[in-house]
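The values are calculated or read from the model by the stated rules, or taken from the named source; none is laboratory data. In this text the structure is predicted, and so the values were computed from the model without any measurement. Neighbour counts are summed over all protein chains in view; Cβ atoms, including those assigned to glycine, are modelled from backbone coordinates with ideal geometry.
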Amino acid sequence: MKVDELGEDSFLVGQRCVLTNYWRWILLKQITINPDVCTGCRACEVACSFAHTDLFSPDLARIRVAKNEHRGLDFPITCRMCARPMCVEVCPTDALARDPADRHIMVDDDECVGCGLCADACPHSAIQFHPETGVPLICDLCGGDPACVKRCVLGAIRFERNANLRSRKRLELGEKVTGKGGCQ
Amino acid sequence: MTDKYTGRLLRVDVTDRTHEVEEIPQEEYSKFLGSRGLNMARLFDELSEKTDPMGPENKVIFGTGLLDGTLVPGTRFNVSCKSPQTGLVGDANAGGFFGAEMRFAGWDQIVIEGRADEPVYVFIEDDTIEIRDAQEIWGRDIYDTHALIREDLGDPDVQVACVGPAAENGVRYAGIFTNLMRVAARTGVGTVLASKNVKAVAIRGHKPVGVADPDEFRDLLDELDEMIFNHPDYESRNRMGTTRLVTALNAMGILVTKHFLTGVFPAADKVSGERLAEEFNVKNRACFACTAPCSRWFVVPDGEHAGLSAEGPEFEPLGVFTARLCNEDLAAALKANDMCNRYGMDALTAGECIAMLMELYDRGMIGPDDVDGLDLSWGNAEAMLTLIDKIAHREGVGDLLADGAHEAAKKICDGAEQYAMHVKGLEIIQGEPRGLKGYGLGYCVASRGGDHLRAEPFFEMSEDEEESIRRFGTPKAAYPHEHEGKGRLVRYFEEWCAVIDSLNVCKNTAICMEAMPFTMAARFINAVTGWDLTGDDVRKAGERIINTERAFCVREGITREDDRLPDRFLNEPLPDECGPSAGLVFELEPMLDEYYEDRRWDNERGWPKRELLDDLQLTEIKEELLSKGFDLE
């Protein structure tokens, strides 16, 4: 989306990045992550590549799981749909843009030169490159029904409003701090 | 629909540090279905009765299957060689992520041959093969080895299959470990890899895995999901994995306790899967793409071993290090398993060795002087941990035990051999054969010795009479205490296991949760390859694999005499305290008769008949046996 296409309820963040009305976005869903229950199985990776390409390949996936086996750590990483997406900001060819409808990052394969600045700029390393074309692979939410989420049996990744995750976290924290809670 | 068959074999000779690529003909692949099946065909073909398991002429074959790397839950890999423990089929598989990575690298089989002049590891990234120096890594434990190799290659996503100090020291039952704690444990496959001076095979793959018919594949995944998610065991498997069996088998009076002297462990509650889940477990973990994540990450909360954390354990090591030795200390059992994992050896065999020693000690056949001054009273957890250390380093009495219970019993004292609980040199697992007749028969005839994973005839606990009559001609096959019908039952399940191992699917879901019957396996194979196999074709391939393994064993001199359990199971009834299983013994002969007849093996010697081998298109195997003087019927 270009600056001159800005609607009334949109505003500018940083130099170039367009953020449409954040209040409306609160109602939109995104992929949320709870590493505490992730089994590290990586089904999300191949579910992603199979949904997009009919091939099973972690290298073609838009979600990856970072693992530290010595510590039992499993951490799924995908696009967090930043309020101010650095990947879009740094792109020298304007190949990246935000979809105003569901706010995923769109990649224009023709404009992209495969320089990799977007991946360097991404604060949580959620971008890898297509092994053949070199263009960035960024989560597109599968049009609103993410394949990775459907394959995650314990709910380590969910498709939900960010606010829902925040509510659950608050509750978890409250329970942890107060023990069982309740009027005893 | 396009043909997505790849069928590539990589042969690495570590003696002269060369490698070559071979194509696996489709015809051979469809006959043996991949992985275990193809490995077995190659073992028979490329090794002989003269092959020394520890010599450079032995081969270690890694195999992946057609479903590895896909969304089929929990795919695995197989490792095969001639076993230094049994001298027969050495074969073990493991879950985790190595199998998928090997398939992404584009290899169906990797054969490691020869012997390197100094420690090396093999690094494979797609079509690039490197033999790398491992002198700095040699001697390090499994955990360090994973870390050091990933550091050396600068890539934490590299999958490592490695051996530990136990293998290097020649412990005959060392395994090949991946993802730290996933292990191809049995039959000493790690010992053989170490004998080649190969510390590890590290692999990284970037090739996509395609399927011939993606839509059909999606439908099949949906069907598979339905079978798994709706299974009554799903929840308890998620919560406890196989450790749920401690309580279940104890209630049936068949939890192997006190070295098979009884089937009830009074302290079972203290070491149960339930207690583990309640007090130790932190979260679930899973193999590649698994939808039934049965593995668990645990932390020991307090006591001597506080802070110990790892993945697992499975039922077998848990049961072996608790009930089998009468050890009531759960944390100590977890420590024992952790030590076996770090040293890189088979916890089951190690546990049996210790249990045998404890029984000999209890009987007064050996004393403290024979066991380096240790007090080997039943349940002494400290002695258990000390012995694991000694075995891994081959120190003192550990040097004897490092050769396995069967070999150790020959040397430790007179009359000890009857107390080594093994079949064909492989120690029996943690399931009581007197109360699980089908499982027991499975141990007797398994090509790799006293193990349940060649047959896994869980159906005998189903009480489903109707299905039992349909499949096995008698309602009795559906009851664990009955011996009738078990020959046919074991044959059926052996063939099913051979198919599932060849596709490298997990037996927990595919077989125990009945998620992948023969017809479903066939449809999956067809969806991947574009072939046109039926359920019957697939079952026949399973039968072909079993007979190839049997032929390998026959060539080594195995006959009916060897298809037996130790005398304890045939002559000593389970004691009264075993409740529903009290008084049972194992009826070997009638079960073997039924099994051989159904298998079309000759009753006297247990050799496959000529017409059977012809029928299975195993003519070359028949010719080989005939040429070696085996006058098959």
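Annotations
- Residues of segment A:57-76 classified as surrounded by fewer than 19 Cβ atoms within 10 Å (Cβ to Cβ) and more than 10 Å from chain B (Cβ to nearest Cβ), total: 1
- Selection within segment B:283-314 - touching a helix residue (DSSP H, G or I) at 6+ places or on another chain (Cβ under 8 Å), at the interface with chain A (Cβ under 7 Å from one of its Cβ atoms), part of a strand (DSSP E or B) and crowded, with 21+ Cβ neighbours inside 10 Å: B:ASN284
- Residues in segment B:22-51 that are outside any helix (DSSP H, G or I), in contact with a strand residue (DSSP E or B) (Cβ under 9 Å, 6 or more places away or on another chain) and in contact (Cβ under 8 Å) with a residue 24 or more places away in the chain: B:ILE24, B:LEU33, B:GLY34, B:LEU47, B:THR51.
- Spans of helices (runs of 4 or more DSSP H) in segment B:504-623 with at least 3 residues under 21 Å from B:ARG42 (Cα atoms): B:535-555, B:610-615
- Residue within segment B:241-252 that is within 25 Å of the chain's Cα centre (by Cα), assigned to a helix (DSSP H, G or I) and within 14 Å of another protein chain (Cβ to nearest Cβ) present: yes
- Test: residue in segment B:48-67 that is within 14 Å of another protein chain (Cβ to nearest Cβ), buried (at least 24 other Cβ atoms within 10 Å of the Cβ) and within 22 Å of B:ASN341 (Cα to Cα): no
- Among the residues of segment A:21-37, just one is at the interface with another protein chain (Cβ under 8 Å from one of its Cβ atoms) and either modelled with pLDDT of 95 or more or touching a Leu at 6+ places or on another chain (Cβ under 8 Å) (or both), namely A:VAL37.
- Members of segment B:147-198 found to be surrounded by fewer than 22 Cβ atoms within 10 Å (Cβ to Cβ), among the acidic types (Asp, Glu) and either more than 18 Å from B:ILE131 (Cβ to Cβ) or under 22 Å from the mean Cα position of the chain (by Cα) (or both), listed by number: B:GLU151, B:ASP157
- Matching option when the condition is charged (D, E, K, R), in contact with a His (Cβ under 8 Å, 6 or more places away or on another chain) and in contact (Cβ under 8 Å) with a residue 12 or more places away in the chain, among B:GLU556, B:GLU587: B:GLU587
- Of the residues B:ARG204, B:ARG218, B:ARG237, B:ARG244, the single one that is closer than 30 Å to B:ASP127 by Cα, of a type in the set (D, E, K, R) and in contact (Cβ under 8 Å) with a residue 60 or more places away in the chain is B:ARG204.
- Inter-residue pairs, beta-carbon under 6 Å, first within 11 Å of chain A (Cβ to nearest Cβ) and farther than 11 Å from B:ALA200 by Cβ and in segment B:141-162, second surrounded by fewer than 24 Cβ atoms within 10 Å (Cβ to Cβ) and among the hydrophobic types (A, V, I, L, M, F, W, C), 6+ apart: B:TYR143/B:LEU180
- Checking B:LEU400 against (1) away from chain A (no Cβ under 14 Å); (2) under 27 Å from B:VAL163 (Cβ atoms); (3) buried (at least 24 other Cβ atoms within 10 Å of the Cβ); (4) in contact with a Lys or Arg (Cβ under 9 Å, 6 or more places away or on another chain), the condition it does not meet: (3)
- Tally, over segment B:77-134, of residues that are farther than 17 Å from B:ARG36 by Cβ, of a type in the set (D, E, K, R) and in a loop (DSSP other than H, G, I, E, B): 5
- Of residues in segment B:68-110 being of a type in the set (Asp, Glu) and either under 30 Å from B:VAL445 (Cα atoms) or more than 13 Å from chain A (Cβ to nearest Cβ) (or both), the one surrounded by the most Cβ atoms within 10 Å (Cβ to Cβ): B:ASP91
- One residue from B:GLU597, B:GLU604, B:GLU589 being at pLDDT 95 or above and touching a Gly at 6+ places or on another chain (Cβ under 8 Å): B:GLU597
- Residue match in segment B:582-589 (condition: crowded, with 21+ Cβ neighbours inside 10 Å and over 26 Å from the mean Cα position of the chain (by Cα)): yes
Here is a yes/no grid of residues against (1) β-branched (Val, Ile, Thr); (2) at pLDDT below 95; (3) at negative phi:
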residue	(1), (2), (3)
B:ALA402	no, no, yes
B:ILE412	yes, no, yes
B:GLY425	no, no, no
B:LEU436	no, no, yes
B:ALA455	no, no, yes
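- Comparison of B:VAL183, B:VAL189 shows that the only residue that is in a helix (DSSP H, G or I), under 27 Å from B:PHE524 (Cβ atoms) and away from chain A (no Cβ under 12 Å) is B:VAL189.
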